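Take a look at the structure below.
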Amino acid sequence: MTVHPQGSLAEFSRPVSVLRLGAEAMIYRINATGEERAALARRFDLVSLEHFAAEVTLSRHGGEVRLAAEIVADIVQLCCLTLEPFASNLVDRSTVLYRRKPPPADLGVDDEDYEVLVGDEIDIGEAAAQQLSLALDPFPRAPGGKIHESVISVSEIAVTEQLMTESEAPRRPFAELAKLVKK
């Protein structure tokens, strides 16, 4: 069982021994169970994770192990504008190199991501889960999602401020911005 850096158990653990890797790449097709999907949905603050699968290829490159993965997920998230749930499909590909020691200091920004390989196993399930977390939009918007009409624009604040005398005007945090809009 794999443990997260935070100390909790991984929800989608699929450890694979790198000692079994030979010259040929190994392909693994993994699917999350309903319980695993529910746990991942909680971890990533999703309304639900309806489907989660990955095709993971492990290959040896000298002393390194390359993990290439494609994940497919059907997710339900809350729209950041309307706060209504909406469903979407996510497909993402990534590659990570596993090394026994940190890479050289001259590793460029465009080079592949790497992880330090501790022990003789790679948890391909946790790697896929981490890939999912990176592929999720941090500010998800439903197709056609718009800000509710009750949101007041800066120009509306400026008009309201003009209609009120200084003594009647309540302290408003955007009053100074509204004055700048008039200039």
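No value in this document is a laboratory result; all are computed from the given coordinates. A quick note: this is a predicted structure, and the numbers were derived from the prediction, not measured. Please note: Cβ atoms are built from the backbone with ideal geometry, for glycine as well, and neighbour counts cover all protein chains shown.
General observations
- Estimated D of region 15-135 in µm² per second, where Rh is the Kirkwood radius over Cα pairs and Stokes-Einstein applies at 25 °C, 0.890 mPa s: 156
- When you count the other C-beta atoms within 10 angstrom of each residue and take the mean per peptide, 64-74, 131-141 line up highest first as 64-74, 131-141.
- Length gained on full extension, Ser133 to Ala23, computed as 0.36 nm times the residue gap minus the Cα-Cα distance: 36.5 nm.
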